[in-house]
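Asker: Questions regarding the structure given below will be posed in turn.
The values are calculated or read from the model by the stated rules, or taken from the named source; none is laboratory data. For clarity, every value in this text was computed on a predicted model and none was experimentally measured. Here the Cβ positions follow ideal geometry from the backbone for every residue, glycine too, while neighbour counts run over all protein chains shown.
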Amino acid sequence: MSQIGAVFLTALMLAATPAAAAEEVPHRIARDAAWGCRDKGDVIDLLFLGMSVTFDGKLAHALADGRCVYFTAGEDVVVVDPGSNGLVKVRRLGATPAAYWTQARNLN
């Protein structure tokens, strides 16, 4: 390998390292009533219900089934997928590897 190739390879490795480490930067849940679901479709369906009477029932059913969870304010999470349209996929720190879609506004 030439010296230029070695320098180029080293530069690529150094440039990739901070990006990988940035994914493990913890964020905190900023809201008391923050919730998330394993399936992005469940989150979208619940968000479309808004503050209707059926929202509470459907969220309660999803929480009972284990498809959705409540987060506590100040809970540490790691962003797994930055998503789009105001949704992010997060994983709880120190918990099982399950990840949940939630609203980006729920994070600090």
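Asker: Hey, could you check the stretch 59-108 for residues that are among the acidic types (Asp, Glu) and farther than 14 Å from ALA33 by Cα and say which is nearest to the chain's Cα centre (by Cα)?
Answerer: First, pick out the residues of the stretch 59-108 that are among the acidic types (Asp, Glu): 65, 75-76, 81.
In the following step, the residues that additionally are farther than 14 Å from ALA33 by Cα were identified as 65, 76, 81.
Numbers: ASP65: 20, ASP76: 11, ASP81: 6 Å.
Taking the candidates together, the pick is ASP81.
Asker: Hey, another quick one. Among the numbered conditions (1) at pLDDT 90 or above; (2) out of contact with any Phe, Trp or Tyr (no Cβ under 8 Å at 6 or more places or on another chain); (3) not aromatic (Phe, Trp, Tyr), tell me where THR102 comes up short.
Answerer: (2)
Asker: Those residues that are among the basic types (Lys, Arg) and either in contact with a helix residue (DSSP H, G or I) (Cβ under 7 Å, 6 or more places away or on another chain) or over 17 Å from ASP45 (Cβ atoms) (or both), I need them from the stretch 63-108; list them, please. Steps first, please.
Answerer: Initially, the stretch 63-108 is screened for residues among the basic types (Lys, Arg), giving 67, 89, 91-92, 105.
Scanning the stretch 63-108 gives ARG67, ARG91, ARG92, ARG105.
Asker: Now a separate question. For ILE4, indicate whether it is surrounded by 10 or more Cβ atoms within 10 Å (Cβ to Cβ) and either at pLDDT below 95 or aliphatic (A, V, I, L, M) (or both). Please lay out each step first, then the result.
Answerer: Numbers: surrounded by 10 or more Cβ atoms within 10 Å (Cβ to Cβ): no; either at pLDDT below 95 or aliphatic (A, V, I, L, M) (or both): yes.
It is false that ILE4 is surrounded by 10 or more Cβ atoms within 10 Å (Cβ to Cβ) and either at pLDDT below 95 or aliphatic (A, V, I, L, M) (or both).
Asker: Taking the stretch 41-57 only, how many residues are acidic (Asp, Glu) and either over 22 Å from SER84 (Cα atoms) or in contact with an Asp or Glu (Cβ under 7 Å, 6 or more places away or on another chain) (or both)?
Answerer: Here is the first cut: in the stretch 41-57, the ones acidic (Asp, Glu) are 42, 45, 56.
Then keep just the ones that are either over 22 Å from SER84 (Cα atoms) or in contact with an Asp or Glu (Cβ under 7 Å, 6 or more places away or on another chain) (or both); that gives 56.
Result for the stretch 41-57: 1.
Asker: Search the stretch 58-73 for residues being assigned to a helix (DSSP H, G or I) and of a type outside the set (A, V, I, L, M), and hand back the single one that is surrounded by the fewest Cβ atoms within 10 Å (Cβ to Cβ).
Answerer: Step one: filter the stretch 58-73 for residues assigned to a helix (DSSP H, G or I), giving 58-65.
With of a type outside the set (A, V, I, L, M) added as a condition, the list becomes 58, 61, 65.
Working: LYS58: 15, HIS61: 11, ASP65: 9.
Checking each candidate, the answer is ASP65.
Asker: Looking only at residues that are closer than 16 Å to VAL78 by Cβ and out of contact with any strand residue (DSSP E or B) (no Cβ under 9 Å at 6 or more places or on another chain) in the stretch 19-56, which one is modelled with the highest pLDDT?
Answerer: Start the filter on the stretch 19-56 by keeping residues that are closer than 16 Å to VAL78 by Cβ, which leaves 19-30, 34, 36, 38.
After this cut, where a residue has to be out of contact with any strand residue (DSSP E or B) (no Cβ under 9 Å at 6 or more places or on another chain) as well, the list is 19-22.
Details: ALA19: 41, ALA20: 39, ALA21: 40, ALA22: 44.
Here the answer is ALA22.
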